[in-house]
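Reviewing the structure listed below.
The values are calculated or read from the model by the stated rules, or taken from the named source; none is laboratory data. On a predicted model such as this, the values are computed, not experimentally measured, just so you know. Accessible surface areas use protein heavy atoms only, side chains included; no ligands, DNA or RNA. Shrake-Rupley method; radii C 1.70, N 1.55, O 1.52, S 1.80 Å.
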Amino acid sequence: MNAAGKLGAYVLGLAVVFGGALGVGRVTGPGDALTQGKSPAVAEHAETGGHDGADGGHEATTSSATTTDTPGGLQVSQNGYTLSLLTTPVTGRPMDLTFRVTGPDQRPVTGYKVEHDKKMHFIVVSRDLTSFQHVHPEMATDGTWKTRLTLPAPGAYRAFADFVPEGGEKLTLGADLQAAGDYQPQPLPHVSRTATVGDYTVNLAGNLVPGRSSKLTLTVSKNGKPVTDLQPYLGAYGHLVALRAGDLAYLHVHPEESEQAGPEITFYAEVPSVGNYRLFLDFQHDDQVRTASFTVPATLADGHAPSATHDHGH
Ligand SMILES: [Cu+2]
């Protein structure tokens with residue numbers, strides 16, 4: 001009870017953990033039978049103990065605790081739930097993308113818990129990580145979800161369904177989308193702590209350290225002035241999705257609760273490994289949601305830790 005309560009609060013406040021599989025879902029979810037297969041192994045390696053592993057879940061910062069779990073978004077089917085995309089994509093014009101999630105009983109899931117104001121968070125990114133969309137589909141009574149979006153160009157895309165099924169634990173399933181046509185993959189954008197979107201500049205401070213809760217502070221300014229009247233979007237002043245370069249492992253991070261509507265938004269993110277990550281920040285100002293994106297390396301704590309408290313590029 002206590003452990004569950006504590007973890008629950010933690011999730012609400014600073015939801016972090018890569019794929020939701022690390023401790024949180026496993027401990028609080030009722031679907032223990034579904035995860036039994038890997039829990040013992042994880043407990044063994046993580047040395048958190050079979051019983052108070054519950055409590056130690058997010059405090060276990062050893063790298064072994066993170067590497068034994070599969071991050072979210074890498075599988076099209078997990079815990080008996082399967083994502084099926086039902087639309088052949090087109091590019092350059094709006095399309096209605098439909099999909100279903102089937103449950104352990106093989107039927108389309110129709111019962112979902114609301115999380116961050118929505119029952120379904122759906123993300124579509126190009127595999128080269130240069131295009132990102134975060135949308136909220138509508139569900140028909142038969143469990144078919146539909147959303148309108150435009151894929152900017154031909155190529156390979158990854159779609160992520162981030163949801164909590166009733167009676168199950170939080171999941172992020174991923175599926176490929178292939179848009180026919182002449183494809184020009186772009187290299188991963190350069191590592192940068194500054195992102196520009198329209199008149200807005202967002203600066204990033206903090207470092208990603210694998211296996212640790214890493215504090216990230218994003219500071220929003222418009223035409224050089226700090227923005228102090230950010231609007232809540234889905235119950236928070238910002239939403240952050242992190243995707244690992246190379247395999248698009250998925251991390252949805254929510255900010256530390258704040259009374260302050262900017263210019264700073266603080267997140268705690270826990271990444272599962274070294275490597276480059278692409279971060280996408282959604283924030284709302286002047287009634288419009290905008291996305292700022294960054295490429296950020298994750299490095300070991302005892303390795304190079306660049307001073308990151310100052311913005312670069314100004
Ligand atoms: Cu969402």
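Taking all protein chains together and a probe of 1.4 Å, list E264, E256, E138 from the most accessible to the least accessible.
E138, E264, E256
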Exercise for review: On the full set of protein chains, 1.4 Å probe, figure out the accessible area of R212 and give it in Å² to the nearest 10.
Suggested key: 110
Check your understanding: Once Rh for segment 124-204 is found with the Kirkwood sum over Cα pairs, what is the Stokes-Einstein diffusion coefficient at 25 °C and 0.890 mPa s, in µm²/s?
Key -> 160
Study note, to complete from the structure: In vacuo Debye sum over C-alpha of segment 100-236, base-10 log of normalised intensity I(q)/I(0) at q = 0.12 Å⁻¹, listed in q order, is -0.70
Revision key, fill the gap. The pairs in K118/K146; K146/K222; K113/K222; K146/K170 lying past 24 Å Cα-Cα in this model are K146/K222; K113/K222
Practice item. For segment 218-231, take each phi angle, set θ = phi - 60°, evaluate the Karplus expression 6.51 cos²θ - 1.76 cosθ + 1.60, and give the result in whole Hz per residue in order, putting x for glycine and proline. Key: 10, 10, 9, 9, 10, 6, x, 9, x, 8, 10, 10, 4, 9
**Study point:** Along principal axes, Cα extents of segment 200-276, largest first, whole Å
**Key:** 35, 25, 19
Review point. How do V76, V296 stack up against each other in accessible area, from largest to smallest, with a 1.4 angstrom probe?
Key: V76, V296
Check your understanding: Quick one: Cα centre-to-centre distance for segment 104-140 and segment 227-293, in angstrom?
Key -> 17
Exercise for review: Report the Stokes-Einstein translational diffusion coefficient (µm² s⁻¹, integer) for segment 186-239, Rh taken as the Kirkwood radius over Cα pairs, at 37 °C with viscosity 0.692 mPa s.
Suggested key: 251
Point to revise | I123 accessible area, 1.4 Å probe, all protein chains in place, Å² to nearest 10 | key: 0
Revision key, fill the gap. Carbon/sulfur accessible area of segment 94-214, % of total, 1.4 Å probe, equals 48
**Study point:** Whole-angstrom Cα spans of segment 159-314 along principal axes, big to small
**Key:** 40, 40, 39
Review point. Amide H to amide H, which residues 5 or more places from V253 or on other chains are under 5 Å from it, using H placed in the peptide plane?
Key: L240, V241, A242
Review point. From the backbone phi of segment 140-145, what are the Karplus-calculated ³J(HN,Hα) couplings (6.51 cos²θ - 1.76 cosθ + 1.60, θ = phi - 60°) in whole Hz, Gly and Pro given as x?
Key: 7, 5, 7, x, 8, 9
Practice item. Give the ranking of H116, H285 by solvent-accessible surface, highest area first, calculated with a 1.4 Å probe. Key: H116, H285
Exercise for review: Any chance you could look up the accessible area of L234 with a 1.4 Å probe, heavy atoms only, rounded to 10 Å²?
Suggested key: 20
Exercise for review: Quick one: which residues, 5 or more positions from V227 or on another chain, have an amide H under 5 Å from its amide H? H modelled 1.01 Å from N in the peptide plane, none for Pro or chain starts.
Suggested key: V220, S221, K222
